[in-house]
Amino acid sequence: MEGIGGANTASEATLDQWRQYSRLFQYYLDKTTPHAVYRWITTATLALLFALRVYYLQGFYIVTYGLGIYLLNLLIGFLSPLVDPEVDPADGALLPTKGSDEFKPFIRRLPEFKFWYAITKAFIISIMMTFFSMFDVPVFWPILLCYWFVLFAMTMKRQIMHMVKYKYIPFSIGKQKYGGKRSSSAGGSRD
C-alpha cells in the first residue's frame, strides 16, 4: 500500500512542477504582449532560420508545405471579422455599412497576439521536425510550390471580395484624421 501512496505523491509533485512551469511561461508570455515589434522580429528570425535550414538540407518540403497551409489558414482568421455577416446576417450589423453609421472597430476572429503566438509555435515545431529524417519525404517540390501559390491566390481573392462586399478593412494604420478647422494661413489669400 505504501508504494501506491509514494507513486501518487511523486505524480502530484510532478504535476505541481508542471503547473509552476506553466505559470512562469504564461508570466513571460504576458510580459511580451505590449512589445509587438520585438515579437514579430523574433518570429521573422525563426522563419529565416527555418528557411535557411530547409535550404541547407535540401529537403523537408512536405513540412514546409504543411507550414504554408497552416499559415494561410491563420492569415484568413486574422483578416476575417469575428462575426461573419454572410453566415449570420442578424449579427452582421457589427460592421458599419453606411457613412452615417456609428464607428465600430474591426474585431478580428483571430486577434493579433494569438496570431503571432500560433505562427511562432508553428515555426518552432517545423524547425524541430527538420531534425527527424522521417519527415523528409521525397517529393517534387515545384508542384507543391505552384499548388500553394494557386491556393493562396484563390483564397486571397475570395477574402478580398468578401472585404469589398461588406466594406471593411481589417487594418487600422494610426489614428484617423478628420478635416476640421483649417488655419488661416492654409486657406486662401486675405484681402
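The values are calculated or read from the model by the stated rules, or taken from the named source; none is laboratory data. No experiment lies behind these values; they were computed from the predicted model shown. Please note: Cβ atoms are built from the backbone with ideal geometry, for glycine as well, and neighbour counts cover all protein chains shown. Keep in mind that these areas ignore ligands, DNA and RNA; they rest on the heavy atoms of the full protein, side chains included. Shrake-Rupley method; radii C 1.70, N 1.55, O 1.52, S 1.80 Å.
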Quick one: 3J(HN,Hα) in Hz for segment 115-128, Karplus 6.51/-1.76/1.60 with θ = phi - 60°, rounded, Gly and Pro as x. 4, 4, 4, 5, 5, 5, 4, 4, 5, 5, 5, 5, 4, 5
Given R₀ = 30 Å, FRET efficiency for Ala153-Tyr56 by Cβ-Cβ distance, to 0.05? 0.55
Run the numbers for Asp16 and Leu29: contour at 0.36 nm per residue of separation, minus the present Cα-Cα distance, in nm. 2.7 nm
What full-extension length gain, to one decimal in nm, is calculated for Cys146 and Thr42 as 0.36 nm per residue of separation minus the Cα-Cα distance? 34.6 nm
Mind checking the full-extension length gain between Leu49 and Met161? Use 0.36 nm per residue of separation minus the Cα-Cα distance, one decimal, nm. 36.9 nm
With every protein chain in place, what's the accessible area of Phe78 (1.4 Å probe, Å², nearest 10)? 20 Å²
Segment 162-172 - phi-based ³J(HN,Hα) in whole Hz, Karplus 6.51/-1.76/1.60, Gly and Pro as x: 5, 5, 5, 4, 9, 6, 9, 10, x, 10, 10
